[in-house]
Amino acid sequence: MLKYLITTTALFATPLTADALRVVADIPPLHSLTAQVMGDLGTPELLTPAGTSPHNHALRPSEAARLQNADLLVWVGPLMSPWLGNAKAEMAPDAASIALMETPGTLLLDKRGAHDHDHDHSEEEHTETKDSHDHDHADHAEHADHDDHADHENHGDDHAEMEADKVRKDAHVWLSPDNAMAWLPILAEELAKRDPANAETYHANAATAVDALKQQVAKTEARLAPLSGGEFLTAHDAYQYFQARFGLTSHAAVSDADDQDAGPAHLRALLTEAPDLGCFVIEPSTPKASVTLVTETLNIPAVTIDGLGAALPLGAGHYSALMEHLTSGFESCLTR
């Protein structure tokens, strides 16, 4: 009888201690932040292979299985991976989901056109536009009665404007360390909701990670501050958040934040009107023909900087390594 009780107790106790939360993250930097918060309590899975573009991707069977088995999906959001929202709804409708780009406290910068880096698409500009729009409607209301149908149309206009504002945002939000520091406690809270017995550990891990990142940011500021006067050209306008945080200046980009080419006329202008630039910042996927054309025409070197850190080891240390990768890359570009 005693043997039976011991065996039965073991069978029921094992899942309570052995079943860690099944967490999936969409890109390596978010996988790293999640791993830091989970610590020894579990290991998140990376949904797609390192080096895969998050903009568009078709899930392989093994990747789909990871999503289907997840308790929680951690991802940038639909602006970065529009396909992932639909995949989650179809394959893992019961899993929790947190789109970090949409969480309170996240810094969002306006998406820039490839050619207009010195034009300020500020929050004030958007507020001013919206205020003018609202004021026009108010003036119109003073001069004519609106029926319910008109009010409904105005509401639709406001909703469409809000959606357009979202589309105008640059989705490379993880490249701001301030965003990462804002997300760490949010991740801890999300994990604690699903594993309340370990809530204290999740929050302690997040606090430790925030402190470490603050120290790294201070060192990065000291390294990059002397280089703020230099300019560079980028193949893809993917680094705006890092540039804004550390006072770096991108002259222009060959393609915009969505990796859409601005066209041959824009490229010709870059090659004939570019000032003295430190380097051409490229990604591993930048076509060699483009690299050769730009570097030889402008007589500047190419420096490879990967905003996803595909070549860096996965895990808790990845995000810190990514920040170092960007810092070293821009140092190399501007110290000449």
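The values are calculated or read from the model by the stated rules, or taken from the named source; none is laboratory data. No experiment lies behind these values; they were computed from the predicted model shown. In this analysis, Cβ positions are derived from the backbone assuming ideal geometry, glycine residues included, and neighbour counts consider all displayed protein chains. Areas reflect the complete protein model, heavy atoms only, side chains present, ligands, DNA and RNA absent. Shrake-Rupley method; radii C 1.70, N 1.55, O 1.52, S 1.80 Å.
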- request: Please enumerate the residues belonging to segment 234-251 that are of a type in the set (A, V, I, L, M, F, W, C) and either assigned to a loop (DSSP other than H, G, I, E, B) or at pLDDT below 95 (or both).
  value: Ala235, Ala238, Leu248
message: Yes or no: segment 238-252 includes at least one residue that is more than 18 Å from the chain's Cα centre (by Cα), closer than 30 Å to Leu47 by Cβ and open to solvent by 50 Å² or more (accessible area, probe 1.4 Å).
response: no
query: Residues Ser328, Ser228: which one is surrounded by fewer than 20 Cβ atoms within 10 Å (Cβ to Cβ), at negative phi and in contact with a strand residue (DSSP E or B) (Cβ under 8 Å, 6 or more places away or on another chain)?
result: Ser228
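Counting just the residues of segment 307-325 that are assigned to a helix (DSSP H, G or I) and open to solvent by less than 20 Å² (accessible area, probe 1.4 Å), which one comes out farthest from Val24 (Cα to Cα)? Don't jump to the end; show me each part of the working.
Here is the first cut: in segment 307-325, the ones assigned to a helix (DSSP H, G or I) are 318-325.
Add one more test, that the residue is open to solvent by less than 20 Å² (accessible area, probe 1.4 Å), and what stays is 318-319, 322-323.
Details: His318: 16, Tyr319: 16, Leu322: 20, Met323: 22 Å.
That would be Met323.
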message: For segment 33-61, give me the residue count where each residue is touching a residue at least 40 places away in the same chain (Cβ under 8 Å), more than 29 Å from Thr201 (Cα to Cα) and part of a helix (DSSP H, G or I).
response: 0
task: Those residues that are surrounded by 22 or more Cβ atoms within 10 Å (Cβ to Cβ) and either in contact with a strand residue (DSSP E or B) (Cβ under 6 Å, 6 or more places away or on another chain) or modelled with pLDDT of 95 or more (or both), I need them from segment 253-269; list them, please.
output: Ala253, Val254
The listed residue being within 29 Å of Asn205 (Cα to Cα), in contact with a helix residue (DSSP H, G or I) (Cβ under 6 Å, 6 or more places away or on another chain), at pLDDT 75 or above and open to solvent by less than 10 Å² (accessible area, probe 1.4 Å), out of Leu30, Leu67: Leu67
- prompt: So which of Ala212, Ala238, Ala182 ends up being touching a residue at least 60 places away in the same chain (Cβ under 8 Å), more than 21 Å from Gly105 (Cβ to Cβ) and of a type in the set (Gly, Ala, Ser)?
  reply: Ala238
message: So, in segment 275-306, how many residues would count as being assigned to a helix (DSSP H, G or I), open to solvent by 30 Å² or more (accessible area, probe 1.4 Å) and touching a residue at least 60 places away in the same chain (Cβ under 8 Å)?
response: 1
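How many residues are of a type in the set (A, V, I, L, M) and either out of contact with any helix residue (DSSP H, G or I) (no Cβ under 9 Å at 6 or more places or on another chain) or closer than 17 Å to Ala180 by Cα (or both) when one looks only at segment 82-113?
Of all residues in segment 82-113, those of a type in the set (A, V, I, L, M) come to 84, 87, 89, 91-92, 95-96, 98-101, 107-109.
Going one step further and asking which of them are either out of contact with any helix residue (DSSP H, G or I) (no Cβ under 9 Å at 6 or more places or on another chain) or closer than 17 Å to Ala180 by Cα (or both), we end up with 89, 98-101, 107-109.
Selection size over segment 82-113: 8.
Looking for whichever is aliphatic (A, V, I, L, M) and either modelled with pLDDT under 95 or open to solvent by 40 Å² or more (accessible area, probe 1.4 Å) (or both) here; the options are Ala188, Ala164. Which one fits? Don't jump to the end; show me each part of the working.
Values: Ala188 fails: either modelled with pLDDT under 95 or open to solvent by 40 Å² or more (accessible area, probe 1.4 Å) (or both).
Result: Ala164 is the single residue among Ala188, Ala164 that is aliphatic (A, V, I, L, M) and either modelled with pLDDT under 95 or open to solvent by 40 Å² or more (accessible area, probe 1.4 Å) (or both).
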